[in-house]
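**Student:** Have a look at the structure that comes next, please.
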Amino acid sequence: MSKKSSILLIYTGGTIGMVKDFETGALKNFNFDQLLNQIPELKLLDCDISTISLEQPIDSSNMQPTNWVDICNIINENYADHNGFVVLHGSDTMSYTASALSFMLENLSKPVILTGSQLPIGDLRTDAKENLITAAQLASLRKNGRPYITEVCLYFEYKLYRGNRTTKASAEHFEAFASPNCIPLATSGVNLTIADQNLRPYRRKKLIVHEKMITDILVIHLFPGLNEELLTQMLTKTKFSGVILKTFGNGNASTQPWFLKLLKNCIDRDIPVVNVTQCLSGVVQMGNYETSTQLGQLGVISGKDITTEAAIAKMMYLLGQDLGKQVFKTIFETSIRGEMC
Ligand code: ASP
């Protein structure tokens, strides 16, 4: 490896590399090399940049766990030769991918920064250039001969976030992402300001890629009037391995006996049920209100202040680890990649 930082840009698709189909008016993917030609400024960065593209770039609404495995394998195969990675990704599911990669890449000691844009790179008012250039710059940073950032992050509109703390919050604004329970790791203004105290510490351990993600899980968003018959049908007549319950406020739910009985039935069958709040920010605290006390007593797992995206990824990952019921609960309730408080 040369003295200069060397980073790998991994193109997966998304608006950043799309162009308008003049016949239909819809945005579709175009050629990755054309994309790089649009940003000659990248050559001004003091680092070597190499590029690779998924065989078939996709709109991120089509992102699947098999694509996450492909991205992880590209990172793993190029790990020794690069100081950092920038993953160009559609914004729609970027927080899901960032969360998943954070769990799948254990002992990461180099930056993996996801970015994209709200407008295509060829658009006059595009946000793609700043996002890509600064993401690349952040990925190339080194301190004392080591990568400065050693985790999966998401960079968008002047902010670097911990990837598994983000959620897409706007389909309109350039500031498309929010990280309500974790302050940005860096901000880009006249200077790049890095919140050193919030970065995950460097670890000298071998990277381990976890490819097994169990996907037969349910996300149940509670609402007043949730239908008993439908939920009973879903929770007793289908086969699934885990449930994420999106509850009210700081982890509250209806106390109707039929509802609690259905949850108990899942837990008795060793199917983990995780309590995640519907609120954008704040933390689940079972027992704070009477409407959450029984959830805690039943053995429902606290998602604390985790995002739904990270809860889904963590559940897929932990289910793939074949853990016992109690160990699963303990690990789920513990921050393993900075994903919860
Ligand atoms: N639909 C696009 C995608 O997620 C939107 C974007 O790139 O921002 O791939």
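The values are calculated or read from the model by the stated rules, or taken from the named source; none is laboratory data. Not measured: the values here are computed from a predicted model. Glycine also receives a Cβ, built like all others from the backbone with ideal geometry; neighbour counts cover every protein chain displayed. Surface accessibility is based on the protein's heavy atoms, side chains included, excluding ligands, DNA and RNA. Shrake-Rupley method; radii C 1.70, N 1.55, O 1.52, S 1.80 Å.
**Student:** Against the definition (over 21 Å from the mean Cα position of the chain (by Cα), away from the ligand (no atom under 14 Å from the Cβ), closer than 21 Å to LEU160 by Cα and in a helix (DSSP H, G or I)), how does LYS129 come out, yes or no?
**Tutor:** Spelling it out, LYS129 is indeed over 21 Å from the mean Cα position of the chain (by Cα), away from the ligand (no atom under 14 Å from the Cβ), closer than 21 Å to LEU160 by Cα and in a helix (DSSP H, G or I).
**Student:** Restricting to the stretch 317-341, what's the tally of residues that are open to solvent by 20 Å² or more (accessible area, probe 1.4 Å) and over 13 Å from ARG165 (Cβ atoms)?
**Tutor:** Here the count works out to 14.
**Student:** State all residues of the stretch 308-318 that are touching a Pro at 6+ places or on another chain (Cβ under 9 Å) and farther than 13 Å from ILE244 by Cα; if no residue qualifies, say none.
**Tutor:** Within the stretch 308-318, LEU318 is the sole residue that qualifies.
**Student:** Sticking with this structure for a sec: Which strands (runs of 3 or more DSSP E) sit wholly inside the stretch 1-113 and have at least 3 residues that are under 27 Å from ARG146 (Cα atoms)?
**Tutor:** Per the criteria, 5-11, 47-53, 84-88.
**Student:** Can you tell me how many residues within the stretch 251-307 are on the phi > 0 side of the Ramachandran plot and either touching a Leu at 6+ places or on another chain (Cβ under 8 Å) or among the acidic types (Asp, Glu) (or both)?
**Tutor:** Result for the stretch 251-307: 2.
**Student:** Would you please name the residue that is farthest from ASP268 (Cα to Cα), looking only at residues in the stretch 283-316 that are open to solvent by less than 20 Å² (accessible area, probe 1.4 Å) and among the small types (Gly, Ala, Ser)?
**Tutor:** The selected residue is ALA310.
**Student:** Here is a follow-up. Can you pull out the residues in the stretch 224-276 that are open to solvent by 60 Å² or more (accessible area, probe 1.4 Å), aliphatic (A, V, I, L, M) and touching a residue at least 12 places away in the same chain (Cβ under 8 Å)?
**Tutor:** MET234
**Student:** When you go through (1) of a type outside the set (Asp, Glu); (2) free of Cβ contacts under 8 Å to residues at least 40 places away in the same chain; (3) in a helix (DSSP H, G or I) one by one for LYS314, which number turns out not to apply?
**Tutor:** It fails just one condition, (2).
**Student:** OK, next. Yes or no: ARG203 at pLDDT below 95 and open to solvent by 80 Å² or more (accessible area, probe 1.4 Å)?
**Tutor:** no
**Student:** So which residues in the stretch 173-221 are among the acidic types (Asp, Glu) and within 30 Å of GLY251 (Cα to Cα), if there are any at all?
**Tutor:** GLU175, ASP216
**Student:** For THR66, state whether it is touching a Leu at 6+ places or on another chain (Cβ under 6 Å), of a type outside the set (Phe, Trp, Tyr) and surrounded by fewer than 18 Cβ atoms within 10 Å (Cβ to Cβ).
**Tutor:** When the stated conditions are applied, THR66 does not pass them.
**Student:** List, please: which pairs have Cβ atoms under 7 Å, are six or more places apart or on different chains, and start with a residue in the stretch 83-104 that is of a type outside the set (Gly, Ala, Ser) and within 15 Å of the ligand (Cβ to nearest atom) and end with one that is assigned to a helix (DSSP H, G or I) and at pLDDT below 95?
**Tutor:** LEU88/ILE16; LEU88/GLY17
**Student:** Looking at (1) assigned to a loop (DSSP other than H, G, I, E, B); (2) more than 18 Å from the chain's Cα centre (by Cα); (3) surrounded by fewer than 19 Cβ atoms within 10 Å (Cβ to Cβ), which one does LEU280 not meet, given that it meets all the others?
**Tutor:** The number of the failed condition is (2).
One line per residue, one yes/no per condition, for (1) more than 14 Å from the ligand (Cβ to nearest atom); (2) out of contact with any Pro (no Cβ under 6 Å at 6 or more places or on another chain); (3) of a type in the set (Val, Ile, Thr); (4) over 21 Å from THR134 (Cβ atoms):
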{"residue": "ILE16", "(1), (2), (3), (4)": "no, yes, yes, no"}
{"residue": "GLU23", "(1), (2), (3), (4)": "yes, yes, no, yes"}
{"residue": "ALA26", "(1), (2), (3), (4)": "no, yes, no, yes"}
{"residue": "ASN29", "(1), (2), (3), (4)": "no, no, no, yes"}
{"residue": "LEU44", "(1), (2), (3), (4)": "yes, yes, no, no"}
{"residue": "CYS47", "(1), (2), (3), (4)": "yes, yes, no, no"}
{"residue": "SER50", "(1), (2), (3), (4)": "yes, yes, no, no"}
{"residue": "LEU54", "(1), (2), (3), (4)": "no, yes, no, yes"}
{"residue": "MET63", "(1), (2), (3), (4)": "no, yes, no, yes"}
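**Student:** Which numbered condition in (1) more than 28 Å from GLY320 (Cβ to Cβ); (2) free of Cβ contacts under 8 Å to residues at least 40 places away in the same chain is the only one that LEU280 fails?
**Tutor:** (2)
Per-residue answers, yes or no, for (1) surrounded by fewer than 22 Cβ atoms within 10 Å (Cβ to Cβ); (2) of a type in the set (Ser, Thr, Tyr); (3) under 25 Å from LYS205 (Cα atoms):
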site: CYS72; (1), (2), (3): yes, no, yes
site: ILE75; (1), (2), (3): no, no, yes
site: VAL87; (1), (2), (3): no, no, yes
site: ALA100; (1), (2), (3): no, no, yes
site: GLN118; (1), (2), (3): no, no, no
site: GLU130; (1), (2), (3): yes, no, no
site: GLY145; (1), (2), (3): yes, no, yes
site: THR150; (1), (2), (3): yes, yes, yes
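**Student:** Go through the stretch 31-42 and give me each residue that's open to solvent by less than 60 Å² (accessible area, probe 1.4 Å) and away from the ligand (no atom under 15 Å from the Cβ).
**Tutor:** Of everything in the stretch 31-42, those that are open to solvent by less than 60 Å² (accessible area, probe 1.4 Å) and away from the ligand (no atom under 15 Å from the Cβ) turn out to be LEU36, ILE39, LEU42.
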